[in-house]
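Working notes, structure below.
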Amino acid sequence: MKRLLKGGSAIFILCLTSACGMNNYAENSLARKNITIHSTHTFVQCHSYGCKNKSDITFTNKDWTQIAGHFSPAPGSAEQERRAIALSIGDFERLIGNKNGTSSDKGGTFRRMMAGGLQLDCVDESINTTIYLQLLNKKDLLRFHDTGAPAVRLPVIHAGRWPHQTATIIEKRSGARFAVDSWFHDNGFPAEVIPLKNWKNGWKPNTILQH
């Protein structure tokens, strides 16, 4: 670990530190950031790199109607539910961005390094997506999946040039794990949902969606 950190960038250290000690439970992962979900109508959103800052978010019934629309009619398979999850994460981002100004968030970490507190890195994105997945669970909108703890991939050990972190879901029937990664694209686009094994091997989308 010391060899990995030696000469590394601040971003490398930030992502590693945020990912350390993650376990199999989404609730404990959120608790490490002092986040507890008490209500589906009032919760927090992370931003400013590494969940440095949090915004208090209030969701209305209208907001939830929009989110729930992706699950009506109820998905008939795990594959259909993963598509609904991807679309709903985009709507979470869009609705919340209009409330607290994070609608300006750009995909990736490096495009707006000096953008200040309204830009999100992979830690922010993975923690936020874990929150959104837990909210979907609390609304009984997920039938085929449970929320997993965020997962991390590391250069040398896994793939890529930089450490990267993602939210995850677990298919109930098979136990298969999937990355739910909203970091690649600008605010409001659907998340990428792919097998976690592929993500660990350095997967990235062929096209980056930008406003």
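The values are calculated or read from the model by the stated rules, or taken from the named source; none is laboratory data. Predicted, not measured: the structure shown is a model, and the values here were computed from it. FYI the Cβ positions are ideal-geometry reconstructions off the backbone, even for glycines, and counts take in every protein chain you see.
Brief remarks on what is shown
- Counting only helices (runs of 4 or more DSSP H) wholly contained in the stretch 1-54, the ones carrying 2 or more residues that are modelled with pLDDT of 90 or more and out of contact with any Lys or Arg (no Cβ under 9 Å at 6 or more places or on another chain) occupy 26-31.
Each row is one residue, and each column tells you yes or no for (1) in contact with a Leu (Cβ under 8 Å, 6 or more places away or on another chain); (2) surrounded by fewer than 18 Cβ atoms within 10 Å (Cβ to Cβ).
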residue: Ser39; (1), (2): no, yes
residue: Phe43; (1), (2): yes, no
residue: Cys46; (1), (2): yes, no
residue: Cys51; (1), (2): no, no
residue: Thr60; (1), (2): no, yes
residue: Ala68; (1), (2): yes, yes
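- Conditions (1) within 15 Å of the chain's Cα centre (by Cα); (2) without any contact (Cβ under 8 Å) to a residue 40 or more places away in the chain; number of the one not met by Lys197: (1)
- The single condition among (1) more than 20 Å from Val180 (Cβ to Cβ); (2) touching a Pro at 6+ places or on another chain (Cβ under 9 Å); (3) modelled with pLDDT of 95 or more that Arg83 does not satisfy is (1).
- Restricting the stretch 67-88 to residues that are in a helix (DSSP H, G or I) and touching a helix residue (DSSP H, G or I) at 6+ places or on another chain (Cβ under 6 Å), the residue that is farthest from Gln119 (Cα to Cα): Phe71
- Matching strands (runs of 3 or more DSSP E) fully within the stretch 93-211 where at least 3 residues are surrounded by 19 or more Cβ atoms within 10 Å (Cβ to Cβ) and at pLDDT 95 or above: 145-153, 164-171, 177-181
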